[in-house]
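Report on one structure; see the data block that follows.
Just so you know, all these numbers are worked out from the coordinates, no wet-lab data involved. Just so you know, these numbers come straight off a predicted model, no measurement behind them. Positions of Cβ are generated from backbone atoms using ideal geometry, with glycine treated the same way; all protein chains shown enter the neighbour counts.
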Amino acid sequence: MPHEKSVVLKDPQNFKLIGTRVGGVDNAKIVTGQSLFGIDQKVPGMLHAVIKKCPVFGGKVISANLDEVKALPGVRDVFVIKGTNDLHGLMPGVAIVADSTWSAFSARRKLKVTWDEGPHASDSWAGFAAQARALAPQRGEKTLRDDGDVEAALAGAAKTIEADYVYRFVSHATLEPQNCTALVQGDRAEIWAPTQNPARGQTLVADTLGLPAENIVIHVTRIGGGFGRRLSNDYMVEAAAISQKTGQPVKLTWTREDDLQHDHYRSAGFHFLKGGLDAQGKVCAWHNHHVGFGSASDKIGQSLNPDEFPGRFLPNFRSEQSVLISNVPTGAMRAPATTCSPGSSKASLTNSHTLPVAIRWTSGSTCSATARLCTAPACVPELQRHPHQGRAQSRRRKSRLGQKTARGQGQASPFTSVMAATLPRWPR
């Protein structure tokens, strides 16, 4: 990198974009209500499709009343999709192709399917919670960070307090349900999809349907909410598979129920926390056993950052994790590694019913706290300070830290406040 004094900046007289008004490429279409989203797409000769999948993830079709449904008004075809074992790909189900979305949705209500629900039919949240409780007192399958001597520090602590936190699977619930329009003819495919990851979708369609990747053209439409859900492209390969079977352009539209039941959820998990305080009320030890979810082939969403707060700030700190095997497909939700884990740790520090704490935020400055962190300047965490904000904003920030409102402010940060107020405590 060159030295800053050697860098020659562009003369402002030569600016072409800075200082000008640059409109969005789709602004005119947006304000006039033109078709931009995936669910708006239309192509000549297009049929409409829905797909019914097993309510148990990975379940397969045994039988269905295909002929009865095929005879309904507006229905063109009904057939079984064998699918694959990829929870993020083409899953088994029954496809209905019709002249309109209404005809397809209406016919689906008459569809009766007998399912082979497989080995995960008895999975339940109660069962997962019981497994997590059984794992909690054991050593984790994987140690992420192990500083100092946690056992000795806890044994010698003046006070130890334990708290357990639980967070459930969460659906993305995008405003626009999953949908895709596809035309597959021979070894070529053209796809219109509201996807966040077209390259991955192209690969998925190519591998699943046996098409050359270079022959697959994907048009990325505007997206009615993604949040990480549309990084997966299961709806894309479903539409392509149905078009390949029928030989005609097909628009696949999921129902709202489909979207919630067959999401790739933000992963659930359990945090079993134990902390120790010394005679001065300072945190002297911290142990977090995180139990997350995964499968033999996919463990996205269950990983925990070894440097997660308060890691690196305490001399005796252990973070470890274990995995519960499930068949629930999970995926990214905005920031998958940081949606719940920091909240569990910070909520245990700030919640008055969990762990009164004293943390040395800055060198030589210590403050005891119960229910909320002190607003004294020395107690404001260095990690929460932003030098570029200036002194005035810094003073306002310190003032906000001292407030307590219905939203739970007065904690270490707004994010911490929300998590402390909303995460359920799970007493042992």
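For segment 1-106, run through the chymotrypsin sites (Phe, Trp or Tyr not before Pro) and keep only the ones in DSSP coil with at most 14 other Cβ atoms within 10 Å of their Cβ. List each step's numbers first, then the result.
Details: sites: 15, 37, 57, 79, 102, 105; in loops: 15, 57.
Within segment 1-106, the qualifying chymotrypsin sites (Phe, Trp or Tyr not before Pro) (loop, at most 14 other Cβ atoms within 10 Å) are 15.
From the C-alpha gyration tensor of segment 131-191, pull out the three semi-axes of the equivalent ellipsoid (sqrt of 5λ each), sorted largest to smallest, in whole Å.
Working: eigenvalues 528, 58, 25 Å².
Over the Cα atoms of segment 131-191, the semi-axes work out to 51, 17, 11 Å.
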Going from the fewest other Cβ atoms within 10 Å to the most, one would list 9, 314, 211 as 9, 211, 314
With the crude spin-label approximation of a point 7 Å out along Cα→Cβ, what separation in nm comes out for residue 71 versus residue 307?
6.7
With 10 Å bins from zero, work out the P(r) of segment 101-240 over every alpha carbon pair and list the percent per bin.
9, 22, 23, 21, 14, 8, 4, 0
Net length gained if the chain between residue 142 and residue 170 were fully extended (0.36 nm per residue, minus Cα distance)
7.6 nm
Compute the whole-percent fraction of alpha carbon pairs in segment 1-149 spaced more than 26 Å apart.
62
Simple spin-label model, 7 Å along Cα-to-Cβ: residue 130 to residue 185 in nm?
5.7
Please list, short to long, the whole-number percent of alpha-carbon pairs of segment 1-82 in consecutive 5 angstrom bins beginning at zero.
2, 8, 10, 10, 9, 9, 7, 7, 7, 6, 5, 6, 7, 4, 3, 0
Roughly speaking, what is the stretch gain from residue 151 to residue 257, that is 0.36 nm per residue apart minus the C-alpha to C-alpha distance, in nm to one decimal?
33.3 nm
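Using DSSP, restrict attention to beta bridges with both residues in segment 90-218 and report what percent are antiparallel, rounded to the nearest 5. Walk me through the intermediate numbers first.
Values: 5 of 8 bridges.
Close to 60 percent.
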Please work out whether segment 243-322 counts as rounded, prolate or oblate from its C-alpha gyration tensor, where a ≥ b ≥ c are the square roots of the eigenvalues and a/c under 1.5 means rounded, while otherwise a/b larger than b/c means prolate and anything else oblate?
prolate
Potential lengthening between residue 278 and residue 215 on full extension [0.36 nm per residue; Cα-Cα distance subtracted]:
16.1 nm
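When only Cα pairs under 8 Å and 6 or more residues apart are kept, what is the percent relative contact order across segment 65-111?
Details: 67 pairs, mean separation 18.1, N = 47.
With pairs under 8 Å counted, the relative contact order is 39 percent.
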Ranked on Cβ counts within 10 Å of their own Cβ, fewest leading, 187, 77 go 187, 77
